[in-house]
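Inspection log for the structure reproduced underneath, given as structure tokens.
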Amino acid sequence: MRPGSAEGLGGAEEADMKLSAKQAAGYRRWVKAAERLGAAEAKIISPATVVTGGWVRWKCQYGCGGYGRRLTCPPYFPTAEQTRAVLDAYRAAMLVHTPGDGHWKSVKRIVADLEREIFLAGFYKAFALGSGPCDLCKICNLESCKHPEEARPAMEAAGIDVYATARGNGFPIEVVRDRSCEQNYYGLVLIE
């Protein structure tokens, strides 16, 4: 069962976003699209519930082998402060969840496909963030992206605290201590 209401919109988030009934119904169709594309769960959330922090970028720099090797990763991607300003310019977002081993690649594809569908439906500001470093090219061309239509930054690359954001919106996530631990991957689609 999806967090929030059966339609993927929590009552508090709907009120915070000040959505009309027509807008809420329109956003619900994107939840169904996320599930059609392979998401286990999706929920429309207020961008105000997306938590950012400068420390997240440090975790990329000191702990991820992708740091500085992809245009979608720091230091090439904006800071947490810049991300917060962008989030504040949106009325709604969709948090997309895929559990289990290996699904971090599928959540990237799901949110990129959702961004395109939402954009083509007239939401010209739609933008997706995935999970983990981009893997479209074996070696990233740091001068110019070869796949700009598909490459999207990870939420964590943008300074988003994925743990606090997921938990704050009713989704499961825990630190993966070893291979036997349950894994949860998240993507975000900004909608306006």
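Quick notes on this structure:
- When the Cα positions of 75, 52, 176 are compared along the charge dipole of the range 11-191, 75 comes out farthest toward the positive end, with charges on each C-beta of Lys, Arg, Asp and Glu.
- At least 15 Å along the helix axis (C-alpha) and Kyte average at least 0.0, DSSP helices within the chain: 104-120
- As a length-normalised measure over Cα pairs under 8 Å and 6 or more apart, the relative contact order of the chain settles at 28 percent.
- Residue-wise HN-Hα coupling along the range 180-192, computed from phi with Karplus coefficients 6.51, -1.76, 1.60 (Hz; x: Gly, Pro): 7, 6, 5, 10, 9, 10, 10, x, 9, 10, 7, 10, 8
- Gyration tensor verdict on the chain (Cα atoms; rounded if a/c is under 1.5, prolate if a/b is larger than b/c, oblate otherwise): prolate
- Global form of the range 81-173, assessed from the alpha-carbon gyration tensor, a/c cut-off 1.5: rounded
- Placing +1 on the Cβ of every Lys and Arg and -1 on the Cβ of every Asp and Glu, with nothing else charged, gives the chain a dipole about its Cα centre of roughly 240 debye.
- Burial order of peptide ranges 137-148, 155-166 (average beta-carbon count within 10 Å, highest first): 155-166, 137-148
Laboratory data are not the source of any read-out in this text; all were calculated from the coordinates shown. Please read all numbers here as calculations on a predicted model, not as lab measurements. FYI the Cβ positions are ideal-geometry reconstructions off the backbone, even for glycines, and counts take in every protein chain you see.
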